[in-house]
Structure formats: C-alpha cells, structure tokens
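To start, the structure under review is shown below, and the notes come after it.
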Amino acid sequence: MSKRDHLIWIDAQEVAAADGSTFEVENPATGEVAFEVAHGKTADIDRAVAAARRAADEGPWPQMHPRERGPILRRAAELLRARRSELADVEVRSTGRPMREMHQQVGRTADWLDFFASVAETHEDRVVPAIGNLLNYVRRVPVGVVGQITPWNHPLLITMKKVAPALAAGNTIVVKPSEVAPVAPIELGRLLNEAGVPPGVVNVVPGFGAEAGKALSEHRGIDKLDLTGGTETGRHIAAAGGRNLIPVQAELGGKAPVLVFEDVPIASAVAGATFATFVASGQSCIAGARLLVQRTRYEELLRALIDRVSSIRVGDPMDPDTQMGPLASKQQLARVMELVTSARDEGATILCGGDRLGGDIFDNGYFFAPTLIADVRQDMRIMREEVFGPVLTVQSFEDEDEAVELANDSDFGLGAAVWTNDLKRGHLVAQRIRSGSVWINDHHRVDPASPWGGFKDSGVGSENGVVAYNDYTIQQSILVNLDRGSFDWFAPEARDLRYS
Ligand code: NDP
C-alpha cells in the first residue's frame, strides 16, 4: 500500500489530519504495523461535514434524478468486483479474519450497490387522497448530510450497508470507520468517486470513537446518524441525536440463540452450530452464542461438537487453508479472556478451548482457541453479556416452550436460528422468538433486500430493503389548490368557506 491510501478522504481529496497526526493499524495475526493512517479529530470532522454540506446544498448529487444516480452506483459495483482481491487483502491485514471469509464477503458487498441502484431507479412518489379540490403529492427527498459510524468486524460490508442506501437516496455522507480497520472504508470513498460520485458526497474520516465519533455524532451540521456498534455506543449516539432532534438508526449487539430440535441429524446440527459461532472468530453481532439442544440428543450432539470444534484449523489468516484467525485486537482478546474466566469462576465447565493459543505463530497475535462451555446458568455474565469471540455456551431444553423461553431470556434480540425438519414447528417457533432475524436451518444469511435490525437492546431501525432507502429520505407534501374560484377567509360575508 502506498502512503496516499491512508489519508483522510474529504471532497475527493486525500488530506492529512489538520494537526498532522497519524495512528497505526496493527495486524492482529502478527502484531506488526499493517497501516499508518491519518488521525482524524474534531477539526477534520468539521472539514468533512462542511464539504458534505456544500455538496448537499450546491449539488449536483441530491438534485439528480434517482435514475441518473443508479448507473453510477452500478459502475461502482463493477469497480469493487474488479478490486476484490486487493480489498480482501486490506481487510485480512486489518481484522485478522481469514482470506477465505474476506474474499467472499468483499465480493458480496458489491450487491448492495446494485440493489440500491435498482431501488433508486424504481423510486415512485405518491399522490395521497386528501379531501377537497386538491392535488396532494408526496415527494421523498434526501435527508441531507448523514453521519455514519461503523465497526471493525465487517469493515467494508457494514460501511456499504449504510453508504449504498444513503447514496441512492441522494444524501451526502461523512463516515467515521473504526480505528481498528479504517483502510477499506477509505478505499471505498475513493472508488465511489472514480465511479462518478461527485466530490464532497462521500467523506471518510478515520479516527477514534471518543473523539472523531463523538464530534460527528454531536455535530449540528448532521441531519441523521447511523451507527453499527456496541449497545453502550448506541446509547451515546442516540442521546446525541436526541439533543439535536435528528433521526438515529443503530444496529447494535447480539447474543444469538441456536435452537436444535431432536429431529435434526447430528452432522447437520454440528455443521450448523459451528458455522453459526466460529466464522469471524465469533466477532459478529449475529454469531451463534447460545446453543440450545433438545435433551434427548444433548449428550450425543455435545460429543460430536467437541470433536468438530477442537479440529477447527486456527492459523495464519492469509493461508487459504486457515478456517479461523485471531481476534481483531488486544482489547478484544482481553474481553474474551475476562468473560471466559468469569464463566469458570462462576462454576461453568469448559468443554474445550478456554484459553489464548500460544507457541508457533500464535505468540505474536491475538489467537483464542475455539471454546465450548457447559453447565451455565442464565444469571452468569457469560450468558448475559456479548462475548464477541469464538465461544459457544451449550444448554439443553425439554420442549418448544422451554426452548423459546431460554432463547428469549436475553436483553438482545438481533439474530436467532431454529434447526428442525418439522415444517410447522420451524415456523411457529421462529415466530415466537423476539429477534429481528430468524433463520430456519441456516445462519448468517444476509441479503440487501432482507430487512436487518434488532429488537430490544440490539438496535433501532432497519438496514437493507426498500425501507432502508425510505429511511434515508424525508417526505415532503406538496398541496396544489385546483379550485377555480377565489377565496377570501376575511371577506365580511364569508361563512364556512373551507372544509379543512
Ligand atoms: P463500538 O461500539 O466500540 O464502536 C463502533 C463505532 O463507534 C466505532 O467506529 C467506534 O470508534 C465508534 N465509537 C465508539 N464510542 C463512540 C462514542 N462515544 N461516540 C461516537 N462513536 C463512538 O463497537 P465495535 O467497533 O467494538 O464493534 C463491535 C460491536 O458492534 C459489537 O457489539 C457488535 O455486536 C456490534 N455490531 C452490530 C451489528 C449489527 O448489525 N447489529 C453488526 C456488527 C457489529 P472506535 O472504534 O474508534 O472506538
């Protein structure tokens, strides 16, 4: 990577931080510095918001017909596909996630541009049935300047889930990516500009949450905030948005239950649970965190699961054979170790894993062994808090009622999975789970058309689908008087002139 790749992206220019400072992005697999990045602070957020405001007020992006914006987004999708390997490489070096995962994920990310191009191209305004001799049409217009704050676990995908609908709807944007993995989102800003998105429409300011993130969320020049991050960060952002009376969308933490009924073949259940939990080293908001198994198959499934989980190939994320990489940062490793230790101290049993991996290539990185924990109670920290690591707790249940009760016994409600071959049971159990997404015999499935959002402490609002585009617009009602007669409310003889 050349030096220019690591600067702040404002007004289609690469600029250094106002105070000239930089920070280092560490490769969590090796402990080496992967990138040096400009350290955006309040002054840089101010510059980016000013550029986005100019682009919103002076155009042309917000004023363009939605059918003119669509082809530009499609061009960006093509560019992204062409740079898939390069971007996947950046993602692997920033997050430690295996190349096998990131190559797939980066390729998929382009679909969001195509989908929202189609939504823009088929955008229709409405005429509403207002009473009287009136034509009342309702336009959807861009919200204005939007602030988007994104995490490190799926850096490009999550940024895209926000940028694509916001752009399609004609907004201008300031992105504050996580300081752990900011390079791919910066590259996205450049790529969109190359595809034809005008200067100032997408600005990306790498920096720290407590400073750049806070400055963005409190900025009076922002018309909407959109965060993906932890639940506590969500509370900060929502409070800041509340003070400025702007809409806040937030995709937050999760603690997904995976329910396995007795009619599922053990091999499918093991494959499903392993995939649910250990992709991204468990650092996914919808990672399977709590496995609930029907009692009749519990022991049998546990034995097979221990075998499979113990044999996951952990290693160098650049190696195409590696199935699981390190955790993304030292802080994340400390957090996982703390929660696993708390489980042990509170009386849980570690069935496999349970510790940092050492020796060989592991000493320099933040590798944690894939872990299974049994003998848990609902009041333990490991059951209440989001671990965000390769850790799965296992419990048994008697029947559907107990399974649903355990599944819903959480402050979170983002993702859940139900494994069964009984069609009716699959649907009926899924419908009783208080969770924004429920997969039946699947996990991690996400699509630009499929609404994505959390119940309870897992978030506010929804990503994906037409609703995400609509949420990046504001409705303007235009009322046209079609009455040929004259109207004078204060005329001396006037009585009951108007119906409404
Ligand atoms: P954080 O909440 O720590 O950070 C998210 C973003 O917010 C980062 O850019 C961060 O900056 C910034 N930030 C942190 N504090 C503030 C603040 N006070 N004001 C403004 N911005 C702030 O989450 P992580 O990056 O650690 O990501 C993991 C979390 O994200 C997990 O809880 C996970 O469940 C959730 N998540 C939710 C998803 C969903 O779709 N619901 C999807 C993926 C993840 P910095 O990194 O510099 O601190």
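The values are calculated or read from the model by the stated rules, or taken from the named source; none is laboratory data. In this text the structure is predicted, and so the values were computed from the model without any measurement. Please note: Cβ atoms are built from the backbone with ideal geometry, for glycine as well, and neighbour counts cover all protein chains shown. Surface accessibility is based on the protein's heavy atoms, side chains included, excluding ligands, DNA and RNA. Shrake-Rupley method; radii C 1.70, N 1.55, O 1.52, S 1.80 Å.
Restricting attention to the stretch 413-454, which residues are touching a Gly at 6+ places or on another chain (Cβ under 7 Å) and charged (D, E, K, R)?
Of everything in the stretch 413-454, just one residue is touching a Gly at 6+ places or on another chain (Cβ under 7 Å) and charged (D, E, K, R), namely 434.
Starting from residues that are open to solvent by 100 Å² or more (accessible area, probe 1.4 Å) and more than 55 Å from the chain's Cα centre (by Cα), keep the ones in the stretch 487-500 and report whichever is modelled with the lowest pLDDT.
495
Matching residues to (1) in contact with a helix residue (DSSP H, G or I) (Cβ under 7 Å, 6 or more places away or on another chain); (2) within 21 Å of residue 213 (Cβ to Cβ); (3) more than 9 Å from the ligand (Cβ to nearest atom):
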site: 232; (1), (2), (3): no, yes, no
site: 242; (1), (2), (3): no, yes, yes
site: 245; (1), (2), (3): no, yes, yes
site: 259; (1), (2), (3): yes, no, yes
site: 263; (1), (2), (3): no, no, yes
site: 268; (1), (2), (3): no, no, yes
site: 273; (1), (2), (3): yes, no, yes
site: 277; (1), (2), (3): no, no, yes
site: 285; (1), (2), (3): no, yes, no
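Starting from the stretch 144-164, take each residue that is within 24 Å of residue 47 (Cβ to Cβ) and at pLDDT 95 or above and list its partners that are away from the ligand (no atom under 12 Å from the Cβ) and basic (Lys, Arg), counting only C-beta distances under 7 angstrom and pairs at least six apart or across chains.
145/53; 146/224
Quickly run through the stretch 232-249 and pick out the residues that are among the aliphatic types (A, V, I, L, M) and not in a loop (DSSP other than H, G, I, E, B).
Within the stretch 232-249, 237, 238, 239, 240, 248 qualify.
Tell me, please, whether a residue that is basic (Lys, Arg), more than 11 Å from the ligand (Cβ to nearest atom) and either buried (at least 20 other Cβ atoms within 10 Å of the Cβ) or closer than 30 Å to residue 393 by Cα (or both) can be found in the stretch 213-228.
Yes - at least one qualifying residue is present in the stretch 213-228.
Scan the stretch 447-463 for residues that are crowded, with 17+ Cβ neighbours inside 10 Å, over 24 Å from residue 409 (Cα atoms) and more than 8 Å from the ligand (Cβ to nearest atom) and jot them down.
448, the sole residue that qualifies.
What pairs come out if I take residues in the stretch 198-220 that are acidic (Asp, Glu) and pair them with residues that are outside any helix (DSSP H, G or I) and within 15 Å of the ligand (Cβ to nearest atom) whose C-beta lies under 6 Å away, six or more apart or interchain?
Once the first residue is acidic (Asp, Glu) and sits in the stretch 198-220, its partners that are outside any helix (DSSP H, G or I) and within 15 Å of the ligand (Cβ to nearest atom) give 211/41.
When residues of the stretch 400-420 are filtered for being surrounded by fewer than 20 Cβ atoms within 10 Å (Cβ to Cβ) and either in contact (Cβ under 8 Å) with a residue 24 or more places away in the chain or under 20 Å from residue 268 (Cα atoms) (or both), how many remain?
The total comes to 5.
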